[in-house]
Amino acid sequence: MGEQGIHIEKIVELGHPLLIAGFDGWGNALNVSKSMVSYLVHCLKAEMFARIKPDHFYRYDEDRPRVKIEDGFLKEFSTPGGAFYAAKTGLGERDLVILVADEPHLRWFNFVDEVFTLCEQQGIKTIVTLGSMYDNVLHSDRIISGIVSDPELFSRLKKKNVIPINYQGPSAIHSIIQSQGPKRGFHCISLWCHCPFYLQGAIHFGLMATLGNLLSYIGEFTLDTETLEASWQEVDKQIRELVNSNPDIQTVISELRKAKVRGSWESMKGSIKKSDKVINLTDFLKPS
């Protein structure tokens, strides 16, 4: 057996835990996926117990290491990678293992095999992966779709208005976890937040709040999302100011609203062409 790509630094004792995984990269529109797991780590005071060895799963020419240099001295050097965190929740609630990582570039099957082994060691039976994608939706919408490994799971998700995914095309690391997990005996859920394509360069805290509430329902733990809602109110106010002064974005939103009135969210998907106006919010939003 070769050297392992996930290094467990200490043993943690958890009660009936589940894994929640979020990745930066292809499936992280408006930074919802990775920000959500980072929020869980912060809010639940989770402690790091295992790290991904970056040489095993990342290409540095694809995602170059970052440095910080001050006055001619190298102060910081960091590579792409990720870590696993353990969160102990309230009495009678399920504990969590949280994976915060950049999406691997290499050896996807080896990566998920090592993730599954870690889950088995921790007694984890359910794996939830998080993703976010740009779509023809309004910034005021909070649409989440999902994939599950068995019908019982979806009956629970439908109670929270999660839409079943219909899709063919390129995939992310989430798909291999979803494909291989049931073969190892895991219940697998993949949740995807739908972000407005016409807004980029900011975090959609509103979607994060909705996703956080959904995760607390699935995982049977308590999570405070009021901070996320308050952050979204500030961002939403700035977005509305931008929209009011931008005719191109007003037209895009008007067309999406018309499609929404005509029918369901599915009818909105074909209403706007990919060449329509896109605004990068970092050029416009005021610092918080």
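The values are calculated or read from the model by the stated rules, or taken from the named source; none is laboratory data. None of these values were measured; they are calculated from a predicted model. For neighbour counting, all protein chains shown are included, and Cβ atoms are generated from backbone atoms with ideal geometry for every residue, glycine included. To get the accessible areas, we keep the full protein, side chains included, count just its heavy atoms, and leave off ligands, DNA and RNA. Shrake-Rupley method; radii C 1.70, N 1.55, O 1.52, S 1.80 Å.
Miscellaneous remarks
- Cα Rg over Rh - the chain, Kirkwood: 0.98
- Alpha carbon convex hull of region 127-178, volume per residue in cubic angstrom: 100
- Taking a straight line from the alpha carbon of K258, these aspartates and glutamates sit under 15 Å away, with near neighbours fewer than eight places off in the same chain left out: D141, E266.
- Portion, in percent, of the accessible area of the chain that falls on carbon or sulfur, probe 1.4 Å: 50
- The mean of 1/r over all pairs of different alpha-carbon atoms in region 183-244, once inverted, gives a Kirkwood hydrodynamic radius of 13.6 Å.
- Per residue solvent-accessible surface (Å²) - the chain, probe of 1.4 Å: 52
- For the residue pairs K68/K183; K68/K237; K45/K237; K160/K237; K10/K160, alpha carbon separations beyond 32 Å are given by K68/K183; K68/K237; K10/K160.
- On the basis of the beta-carbon distance and an R0 of 41 Å, T227 and E3 show a calculated FRET efficiency of 0.50.
- Our estimate of slack between R184 and E120, defined as 0.36 nm per intervening residue step minus the Cα-Cα distance, is 22.1 nm.
- Label point distance in nm, Y60-E47, each placed 7 Å from Cα along Cα→Cβ: 3.2
- Given R0 = 22 Å, the distance between the Cβ atoms of T251 and Y134 translates into a calculated FRET efficiency of 0.75.
- When its C-alpha radius of gyration is set against 2.2 N^0.38 Å (N residues), region 72-165 gives a value of 1.43.
- Tilt relative to the chain, helix 32-43 - C-alpha long axis, 0 to 90 degrees, to 10: 60
- For the chain, the longest principal axis of the Cα atoms and the long axis of helix 226-244 meet at an angle of about 30 degrees.
- With the simple model of a label 7 Å out from the Cα in the direction of the Cβ, R240 to F77 spans 5.0 nm.
- DSSP finds beta bridges in the chain, and of those with both partners inside it, around 45 percent are antiparallel.
- Rough spin-label spacing in nm, given labels placed 7 Å along Cα→Cβ, for S38 and E152: 3.6
- If you wrap the Cα atoms of region 1-112 in a convex hull and average its projected area over all directions, you get 9.3 nm².
- The 3J(HN,Hα) values that the Karplus relation (6.51, -1.76, 1.60; θ = phi - 60°) gives for region 78-92 are, in residue order, 9, 10, x, x, x, 8, 9, 10, 10, 10, 8, 9, x, 4, x Hz. Gly and Pro appear as x.
- Signed unit charges on C-beta, dipole axis of the chain, positive-most listed residue H105, L199, A86: L199
- What the Cα atoms of region 141-261 give is an Rg and a Dmax of 17.0, 53 Å.
- Computed on the chain, with alpha-carbon pairs under 8 angstrom and 6+ residues apart, the relative contact order is 21 percent.
- The accessible area of L44, taken with all protein chains in place and a 1.4 Å probe, comes to roughly 30 Å².
- When you filter the trypsin sites (Lys or Arg not before Pro) in region 167-245 for DSSP loop state and at most 10 other Cβ atoms inside 10 Å of their Cβ, nothing is left.
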